[in-house]
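So the structure is just underneath, and the comments pick up after that.
The values are calculated or read from the model by the stated rules, or taken from the named source; none is laboratory data. Since we're looking at a predicted model, the values are computed, not measured. Note that each Cβ is placed from the backbone with ideal geometry, even for glycine, and that neighbours are counted across all protein chains shown.
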Amino acid sequence: MLKMKSLPLAISVALLGAAAQTSFAADTIGEALSKGEAHINLRLRYESVAEDVAAGGNKTGDALTLKTRVNFKTEAVNGFSGFIEFDDVSNFAGDSNDSVNGKTSEALIADPEGTEVNQAFVAYSNWNSVFKYGRQRLTFDNHRFVGHVGWRQNEQTYDAFTVANSSIENLNLGYAHIANVNRIFGEASAVGDTEMDSHLFNASYALPAGTIVAYAYLLETDDNFAGFKRMDTDTYGVRWQGKTGDLAYNLEYASQESAGENPADYSADYMLAEASYKLAPLTLGIGYEVLGADKDGFFITPLATLFKFQGWTDMFLNKGLGNISEGISDTYFTLGGAVMGVKWLVAYHDFESEQDNGAGDSDLGSEIGAMVAKSWGPYSAELRYASYSAGDSTGFNGGGLNLMDTEKVWFTFSAAF
């Protein structure tokens, strides 16, 4: 069920009223429907997990899941259009903890079965702007702060009102009011939805040398689940993304303070510096990312596509916060290329805490990952592997973390029509 009750009433009435007016023009609506576009996407994935456990031995899990997505977009009528999308996730084989099936003795593969409305919104385009109201996909920049977690079979979408404006040349303005976050765990989970009253602002300006971005993400939960109150934060940041010849780079800084009913009272910083250099046929990459902490709290990114960061084994999810109480610094190197249309990538991450733990340790382990992918026509296939080595990080275990040696394998086949 769409949960839009905390959107501004005036906006809700205006948009829905305008959409209702167009519904009286039956011939126009009929034409909009007949010229609409329908698509179907299939994504079959096998995932295998093996992780050590503190008591000895290991915990394993595997799953063969299929995501079936069907969507339909109408042709615009006087600037208005509609979009609806359904996702179904089925599990055909394997034995794992999908986050809602109660199999906690198995390794976690968070792709629960179920059928949901993934997106359903009304859009209006005018004045160099696009307005959307309803359940929708929402991302900003590189997904570090606001993402759709598209890697998982049940992606994260938002019940929101959004505006994107490009009236001024080279300037793009984005605003979103989020009323509810539809998380990857699905409607059967107690943490499958997070009700919010959050405001997101993002502005980017393109210059000849690159693009500068400024943002403010003001998150406030409106949910009775106490664990969500940790999300109440105010984050302000700036990002610079540029390219010179074969050298591309990203620089970013953000500060975050607790807000609303956040049980922590803290201020922490975020920093990112990364670069890639194309030395045909190879592309070399290096990066350094820091999520800081102070004695009272730590920098979090609860709306992020966390799989894109800190390696692929998801060791530092920490219930979706993306950081631990001591903070995390991630130094990473990548090497990639393509051979006969097959893309490949190798990545290495070295993790350390920003602050020593109680035992005086800062080693959070390391991860190595490899990926090969091929696309042809409407099809694509990908094989991915990641191995995390805990090193001396066992002293950091806690808060829902399981920093133990872990291996994961994914094989994904997709088709889009």
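Computed values, structure above
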| item | result |
| --- | --- |
| Residue that is nearest to the chain's Cα centre (by Cα) [pool: residues in region 254-267 that are of a type in the set (Gly, Ala, Ser) and within 30 Å of residue 243 (Cβ to Cβ)] | 254 |
| Any pair with Cβ under 9 angstrom, 6 or more apart, that starts in region 340-367 at a residue that is within 13 Å of residue 315 (Cβ to Cβ) and in contact (Cβ under 8 Å) with a residue 12 or more places away in the chain and ends at one that is assigned to a loop (DSSP other than H, G, I, E, B) and β-branched (Val, Ile, Thr) | 353/324; 364/324; 367/313 |
| Exclusive hit being surrounded by 18 or more Cβ atoms within 10 Å (Cβ to Cβ), within 18 Å of the chain's Cα centre (by Cα), of a type in the set (Gly, Ala, Ser) and assigned by TED's automatic domain parsing to the domain that holds residue 187, set 82, 134, 147, 114 | 147 |
| Flag if residue 163 is in a loop (DSSP other than H, G, I, E, B), in the same structural domain as residue 216 (by TED's automatic domain parsing), out of contact with any His (no Cβ under 7 Å at 6 or more places or on another chain) and among the β-branched types (Val, Ile, Thr) | no |
| Counted residues, region 89-131 - those being closer than 26 Å to residue 75 by Cβ and either part of a strand (DSSP E or B) or in contact with a Cys (Cβ under 6 Å, 6 or more places away or on another chain) (or both) | 14 |
| Residue in region 331-338 that is over 30 Å from residue 221 (Cβ atoms), hydrophobic (A, V, I, L, M, F, W, C) and at pLDDT below 95 present | no |
| Top-ranked residue of region 208-255 - restricted to ones that are outside any strand (DSSP E or B) and of a type in the set (Lys, Arg), ranked as surrounded by the fewest Cβ atoms within 10 Å (Cβ to Cβ) | 229 |
| Qualifying position, being surrounded by fewer than 22 Cβ atoms within 10 Å (Cβ to Cβ) and hydroxyl-bearing (Ser, Thr, Tyr), among 175, 158 | 175 |
| Hits in region 352-391 - residues which are farther than 21 Å from residue 289 by Cβ and part of a loop (DSSP other than H, G, I, E, B) | 358, 359, 360, 377, 378 |
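Per-residue answers, yes or no, for (1) assigned to a strand (DSSP E or B); (2) among the hydrophobic types (A, V, I, L, M, F, W, C); (3) outside the structural domain of residue 144 (by TED's automatic domain parsing); (4) touching a helix residue (DSSP H, G or I) at 6+ places or on another chain (Cβ under 8 Å):
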site	(1), (2), (3), (4)
257	yes, no, no, no
277	yes, no, no, no
283	yes, no, no, no
286	yes, yes, no, no
332	yes, no, yes, no
